[in-house]
1. Describe numerically, in nm with one decimal, the distance between label points set 7 Å from Cα along Cα→Cβ at SER91 and at TRP26.
2. What's the extension gain from PHE110 to THR61 if we count 0.36 nm per residue and subtract their Cα-Cα distance?
3. In vacuum, with every alpha carbon of region 92-281 counted as one equal point scatterer, what does the Debye formula give for log10 I(q)/I(0) at q = 0.09, 0.10, 0.16, 0.19 Å⁻¹? Two decimals, please.
4. Please work out how much length the chain gains when fully extended from PHE14 to LEU130, using 0.36 nm per residue of separation minus the C-alpha to C-alpha distance, in nm with one decimal.
5. I need the calculated FRET efficiency for the pair ILE356 and PHE428, taking r as the beta carbon distance and R₀ as 41 Å, to the nearest 0.05.
6. As I understand it, the dipole of region 92-281 uses +1 on the Cβ of Lys and Arg and -1 on the Cβ of Asp and Glu, about the Cα centre. Which of TYR126, ILE142, GLN192 lies farthest toward its positive end?
7. Mind checking Rg over Rh on region 118-203, alpha carbons, Kirkwood formula for Rh?
8. Mind scanning LYS63/LYS408; LYS363/LYS387; LYS68/LYS209; LYS408/LYS461; LYS7/LYS408 and naming the pairs with a C-alpha gap bigger than 31 Å?
Amino acid sequence: MKQFGKKESAAFIFLASLILWGVMTWMISGFRLVRGTGDAAQVSFLFAFIYLAVMLWMGMTRKDTVPKLGFILLFAAVAMIARIMMLDYNSADYDSFLSGWIEAFRKGGFRMLGENVGDYNLLYQYVLLLISFSPLPDLYLIKLFTILFDFLLALAMMRAAHVFAGERAELPVFLIMLILPTTLIEGAFWGQCDSVYAFFVIMSLCDLKTGHPWRSAAFLSVAFAFKLQTIFVFPVVLLGLIHREYRPRHALAFFCMYFVTLIPALCAGRSLVDAVSVYANQSMGQYYHRLTYNAPNLYIFFPMLEFANTQEYTWMRFIEGINNKTQNKYLNMDLFPQLQHAALYACIILVVIAVIYWLVHAKDIRPDMTLQFALFFAIFLPFVMPKIHDRYFYLADIMSILYAFRYKERAYVPALVICASFMSYMVFLTRQRPMDERVLALMMFAALIVVARDLLTGMRKNRQTIEVAGVC
């Protein structure tokens, strides 16, 4: 079947981008925050440019037939339009936090980087500072940044699919990532930025497995500079050290890159101690009234101060003095910090036990088990940690897709993980509970058990192979 040459592909992609630009301009001109067609054209041009850049990269690096390229362009255009349709929604996070932070940067400018504006780490504060300089609506630009990384993450996942599952998985994974419910809702609807750190994590894993440890460490550092949840893949670093894919000297790339991310804030007058302690303040200095924040994890089975008497905790009606109209008299705000600390200590013990187990059986873990190892900890750590939010299984969502393509008999694993994540989003976004949160936690636990079993089975087979080889 006929294939486009590079020039023909580029021309076809430019034409598709122009058409998409026109459609998006027409759509955005009716949005409530747009002041006219000029604003609509500028905003839509930015989204069309993202589409153009990603599709050009696809067209220049792949040799697709004309129908296949047309299908990819149409699919990506529909995915972009779906995101555009969500631009006007502003979540409680935007109203309560992001809009105020941008306004602070708009009034104070660069010098505000020297102060603590919001509880995000510095890289995202730089993004908010840049947005504050634009006359275009803040809400749209915040979502633009995330949508940019939605598409970049799809490209990174296509590369990861090639590394972990083979060439045939590349295009299906790319297309799935463009319409993945959690990615679609989390960025374009909610305005969160988890696709940013996820992109750098996936790029780090790919570089690790393709023999570029310095670049892998640098990507991991940038991911960590965006989101603390990057620690969910830190055990993979330990695995890389065991198999000598990483060397201790590669830590230099991690720390140097992290220091580079601090430079603008340091130039604005922020102290080094304050700049590196953002995560400590973020994790320890707030969120004291629950053990879990809608995350489908272990603590959804524990009573909470706010939800102790709702449908999810109907079993509490058997406790004397508890009914649907009274607050839980056994819990109070003074007790919750102690419960959180106790849960954290228990979590640390569990993680230490797991890590020690892997170290003791390090010789049974082959380098090709990296994906299993990464997915296990992407589920296990947020499942046992207290104070986890609904979005913290984001890495597990995307890694489960790679897992299903590598192990075809495990196609149900992403169904469990992604469904549990997506339904947990609805609690915050719609103030409704489509499913009992305990069921969602059990779904996530089932996925964890399956991945753990696969990992242990693989280790046992490796051990038997080593023993047979030793006898021979």
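Where a number appears in this text, it was derived from the coordinates with a stated rule and is not lab data. Not measured: the values here are computed from a predicted model. Cβ sites come from the backbone with ideal geometry, for glycine too, and all protein chains shown count toward neighbours.
1. Roughly 3.1 nm, to one decimal.
2. Working: separation 49, 0.36 × 49 = 17.64 nm, distance 3.93 nm.
Contour length minus Cα-Cα distance gives 13.7 nm.
3. The computed values of log10 I(q)/I(0) come out as -0.37, -0.45, -1.07, -1.31.
4. On the way: separation 116, 0.36 × 116 = 41.76 nm, distance 2.79 nm.
Fully extending the segment from PHE14 to LEU130 adds 39.0 nm.
5. Values: r = 36 Å, r/R0 = 0.88.
Plugging the Cβ-Cβ distance into 1/(1 + (r/R0)^6) gives 0.70.
6. Working it through, the farthest residue towards the positive pole turns out to be TYR126.
7. Details: Rg = 14.3 Å, Rh = 13.7 Å.
Expressed as Rg/Rh, it is 1.05.
8. Working: LYS63/LYS408 26 Å; LYS363/LYS387 34 Å; LYS68/LYS209 29 Å; LYS408/LYS461 19 Å; LYS7/LYS408 37 Å.
Over 31 Å apart, Cα to Cα: LYS363/LYS387; LYS7/LYS408.
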